[in-house]
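In what follows, a structure is listed as structure tokens, so that the remarks can point back to it.
Just so you know, all these numbers are worked out from the coordinates, no wet-lab data involved. None of the values given here were measured: they were computed from a predicted structure. Note: ideal-geometry Cβ built from the backbone for every residue, glycine included; neighbour counts use all protein chains shown.
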Amino acid sequence: MGGGSQLGQPPGVVMMPDLQHRMSKKIAQLTKVIYHLNNKNEDHDHDLADVSEQYETEIEQILKDTAEKLNAFKRATERRADEASTRNLVDIARAEHDAQKAAAMREFEAFKVRVQDREAAASAAASRADAQLAALTVEVESAKA
């Protein structure tokens, strides 16, 4: 048949059995290498997908932790602002109280002065009344006599 004594060989190509055997071995070796590389590539793809998923999970966890920390700092800042506001209100109330207390003390001191003046006036009036009573008593005694 057209010069090709080997089955599966194109016409006009004559191969020696030793060469054909070596080529078959090489083809088998190359097939094994391709199979191995293909498996290795698939393993690498799976590993890459796993690492990528782990990184995504880690990034999500980092973002979650960061959000929690930011919220905690925000609450702490708001609490400090509230405390400062409360302290400010307490200081204002204390200042108003002190001012009212000082005004009340001034009013009380003025009241004490008025009371002392009234007591002095009452004492003077009592002394005058006693003097008039004594004078009238002397007059009544003189008139009786």
Only Lys, Arg (+1) and Asp, Glu (-1) charged, at Cβ; the chain dipole about Cα centre in debye: 280
Percent of alpha-carbon pairs separated by more than 19 Å within segment 17-97: 72
Cα-based Kirkwood hydrodynamic radius, the chain, one decimal, Å: 28.9
Zone residues, segment 29-59, relative to ASP65, backbone N less than 15 Å from point 7 Å out along Cα-to-Cβ: 55-59
Positive dipole terminus of segment 15-131, leading residue within GLN20, ALA120, ALA110 (C-beta point charges): ALA120
Fully extended contour minus Cα-Cα distance, from ASP50 to LYS101, at 0.36 nm per residue: 10.9 nm
Separation of the GLU109 and LYS74 label points, Cα + 7 Å toward Cβ, nm: 5.4
In degrees, nearest ten, helix 17-144 long axis to first principal axis of the chain (Cα): 0
